[in-house]
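The values are calculated or read from the model by the stated rules, or taken from the named source; none is laboratory data. Just so it is clear, the model here is predicted, and its values are computed rather than measured. Positions of Cβ are generated from backbone atoms using ideal geometry, with glycine treated the same way; all protein chains shown enter the neighbour counts. Note: areas computed on protein heavy atoms with side chains; ligands, DNA, RNA excluded. Shrake-Rupley method; radii C 1.70, N 1.55, O 1.52, S 1.80 Å.
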Amino acid sequence: MVFHNIQNLLDDLGLDEVEVVVLANGEGVKALLQKPNVHQRQIQRLADQGVKFLACQNSLRFLGLDDGDLLESVEIVPAGVSELVKRQTEGWAYVRP
Amino acid sequence: MVFHNIQNLLDDLGLDEVEVVVLANGEGVKALLQKPNVHQRQIQRLADQGVKFLACQNSLRFLGLDDGDLLESVEIVPAGVSELVKRQTEGWAYVRP
Amino acid sequence: MVFHNIQNLLDDLGLDEVEVVVLANGEGVKALLQKPNVHQRQIQRLADQGVKFLACQNSLRFLGLDDGDLLESVEIVPAGVSELVKRQTEGWAYVRP
């Protein structure tokens, strides 16, 4: 549903008009695992259109995962919640699935 | 719960002090169907107080619904997620149920 | 998870760099009850670090509770949703669990 919504956003506003970051926190980081990942093609397609994927380091540690377990296009941030607060302060809109 | 919270917001801040838009996305659009709709009276009461109801066209299409299925007071937006991003950029606060 | 995320936020950004308010609404107010409360120690530890805990009066009333049922560090606001809207308007970031 999230990935579907992002594609709608890109299609509706246009790739040059919007910048999208997916921030995975808590159990959400599992959606960015290398395998099994039923959404891999959809994620790659979004990444090819400039969507950035971030995963929370604290959540990974809590779940016994590390960045080697994630899809190649995913970047790590130290704390998902800090990233969320900082970006909103910078003027990013927030859409919680 | 959403409708209840909106009434609380209107009662607490006053009708002249706040503008409320309900944006229905995904399965949420079903809450705005003409029938069956157990919330119809509550929705009409909020609409009478100036609350605007928007439904996502993409979600409707995905669910095999169209605007004829919705309550009369509901307006359609092309993509719920774009509307959400645009309004936050314009300074609207975001309350996710 | 919420309390865990807040501790991560404080640890990551530093106590002097961020101000955190937990706003409990609807069923969420039950997390701030005096007893039973499995999170009491965690809540107190956050309160000691300056985190503020607010509970919605409307929600308490709806659930047949009052402020005497809540942990001592909790303050009451008339309507959680108004508080949320007002604070976003003042520039606070919003993180919905």
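Quick notes
- Residues whose amide H lies under 5 Å from that of A:ILE76, counting only those 5 or more places away or on a different chain, are A:ALA55; hydrogens are built 1.01 Å from N in the peptide plane.
- Over 27 Å (Cα to Cα) - which of A:LYS86/B:LYS52; C:LYS35/C:LYS86; B:LYS30/B:LYS86; A:LYS86/C:LYS30; A:LYS52/B:LYS52; A:LYS30/A:LYS52 fall in this group: A:LYS86/B:LYS52; C:LYS35/C:LYS86; A:LYS86/C:LYS30; A:LYS52/B:LYS52
- Under-5 Å amide H pairs with B:VAL20, H placed in peptide plane, nonlocal only: B:LYS52
- Computed about the Cα centre, the dipole magnitude for the range A:2-89 is approximately 300 debye when only Lys and Arg (+1) and Asp and Glu (-1) carry charge, each at its Cβ.
- Across peptide C:56-64, the mean count of Cβ atoms from other chains lying within 10 Å of each residue's own Cβ comes to 2.
- Between C:VAL18, C:VAL29, C:VAL74, the Gaussian network model of chain C with springs among Cα atoms under 10 angstrom shows the greatest mean-square fluctuation at C:VAL18.
- 3J(HN,Hα) from dihedral phi, the range A:23-28, Karplus parametrisation 6.51/-1.76/1.60, rounded to Hz, x for glycine, proline: 10, 9, 10, x, 4, x
- Cleavage-rule hits (GluC sites (Glu not before Pro)) in the range B:44-91: DSSP loop, at most 16 neighbouring Cβ within 10 angstrom: B:GLU72, B:GLU90
- Treating r as the C-beta distance of C:PHE62 and C:ASP16 and R0 as 45 Å, the FRET efficiency rounds to 0.75.
- For the range A:2-89, the solvent-accessible area with a 1.4 angstrom probe is 55 square angstrom per residue.
- Distance between the range B:1-79 and the range C:19-97 - C-alpha centres, whole angstrom: 27
- Other protein chain Cβ atoms within 10 Å, averaged over every residue that makes up B:72-84: 4
- Per-residue 3J(HN,Hα) values for the range C:45-57, derived from phi via the Karplus relation 6.51 cos²θ - 1.76 cosθ + 1.60 with θ = phi - 60°, read 5, 5, 4, 5, 8, x, 5, 9, 10, 10, 10, 7, 4 Hz in sequence order (x marks Gly and Pro).
- Here the 3J(HN,Hα) profile of the range A:76-84, calculated from phi with Karplus coefficients 6.51, -1.76 and 1.60 at θ = phi - 60°, is 9, 10, x, 9, x, 5, 5, 4, 5 Hz, Gly and Pro shown as x.
- Chains A and B together, accessible area buried on both sides, 1.4 angstrom probe, square angstrom: 1200
- Chain C: calculated mean residue ellipticity at 222 nm from DSSP helix runs of at least 4, using -39500 (n - 2.57): -11000 deg cm²/dmol
- In this structure, C:VAL38 and A:ARG87 have a Cβ-Cβ separation that, at R0 = 30 Å, corresponds to a calculated FRET efficiency of about 0.40.
- Placing a label point 7 Å from the Cα of A:GLY50 along the Cα-to-Cβ direction, the distances to the matching points in the other copies come to 3.8, 3.8 nm, shortest first.
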